[in-house]
1. Once Cα extents along the principal axes in Å is worked out from the coordinates, which option in [x] 43, 36, 30; [y] 90, 55, 23; [z] 70, 51, 35 does it equal?
2. Report the local net charge at V168: Lys and Arg +1, Asp and Glu -1, summed over other residues whose C-beta lies under 14 Å from its C-beta.
3. Connecting C-alpha atoms closer than 10 Å in a GNM of the chain, tell me which of H134, H68, H124 has the biggest fluctuation.
4. Find how much the distance from M11 to D93 grows on full extension, using 0.36 nm per residue of separation minus their present alpha carbon separation; answer in nm with one decimal.
5. Name the residue, out of K155, K174, K63, whose mean-square fluctuation peaks in a Gaussian network model built on the chain with Cα pairs under 10 Å.
6. Ranked from highest to lowest mean number of other Cβ atoms within 10 Å per residue, what is the order of the peptides 56-62, 161-167?
7. What residue among G150, G126, G54 shows peak mean-square fluctuation when the chain is described by a Gaussian network model with Cα springs under 10 Å?
8. What distance in nm lies between label points placed 7 Å from Cα along the C-beta direction at Q36 and K70?
Amino acid sequence: MKFILAKKEKMTRIFAEDGYAHAGTVLIVDPMVVTQVKTKDGKDKYSAVQVGMGSRKAKNVSKAVLGHTKGKGFEAIREFKTDISAEVGSSIDVSTFAVGDTVRVSGLTKGKGFAGGVKRHGFHGGPRTHGQKHSEREPGSIGGGGGRAGGRVAKGIRMAGRMGQDRVTVENLKVLAVDVSAGRIIVSGAVPGSRGTLLEVTSAK
């Protein structure tokens, strides 16, 4: 499995050789450094490659992480379960992928804070007439006497609450362009998050 860590930059339009215009997202890819390799034969009992990307001041990194990374402060550390062979200290860049590859992109969506039921779940709200005043966006009954859940609030019932900042994976995106010198890659369609969101790009299973 091929993989990279990337940051979302912007959306754009790219024209393919067939003349069609495709919507795509530009991702910035900084070189990654392999920090650890796990194998099935080792103490971890599974195959994976751990990589670090970016840099942080040592004073902002815990001593445990500094000891693990031999004193290097990475902005982000991620682990990918894969059987590829890699050596600690080696570098991985955007040249891992080529135009036409099918990838999956995972990341956190935009956080929208506390939201009501209408915005969060698409509730229609209460009636606007027949004596109603301020019930347009009220959620309605959440419990019930001897009916649903016997008078208590059922677990998992849809209500107002924190919205967004969920991990989402978008499948079957195509690599439209790769610029190794600039450290950029363009994938088709939209991906989760706002500008600057850290994303995991892996080859489709």
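1. Among [x] 43, 36, 30; [y] 90, 55, 23; [z] 70, 51, 35, the one derived from this structure is [z].
2. On the way: positive: K8, R104, K110, K112, R167; negative: D166, E171, E200.
Computed value for this residue: +2.
3. It is H134.
4. Details: separation 82, 0.36 × 82 = 29.52 nm, distance 2.12 nm.
Between M11 and D93, full extension yields an extra 27.4 nm.
5. K155
6. Details: 56-62: 10.6, 161-167: 12.6.
In descending order of packing, they fall as 161-167, 56-62.
7. Most flexible of the set in this elastic network: G150.
8. 1.5
Rule-based calculations on the coordinates, nothing more; no lab input. This one's a predicted model, so the numbers in the text were calculated from it and none came from an experiment. Backbone-built Cβ (ideal geometry, glycine too); neighbour counts: all protein chains shown.
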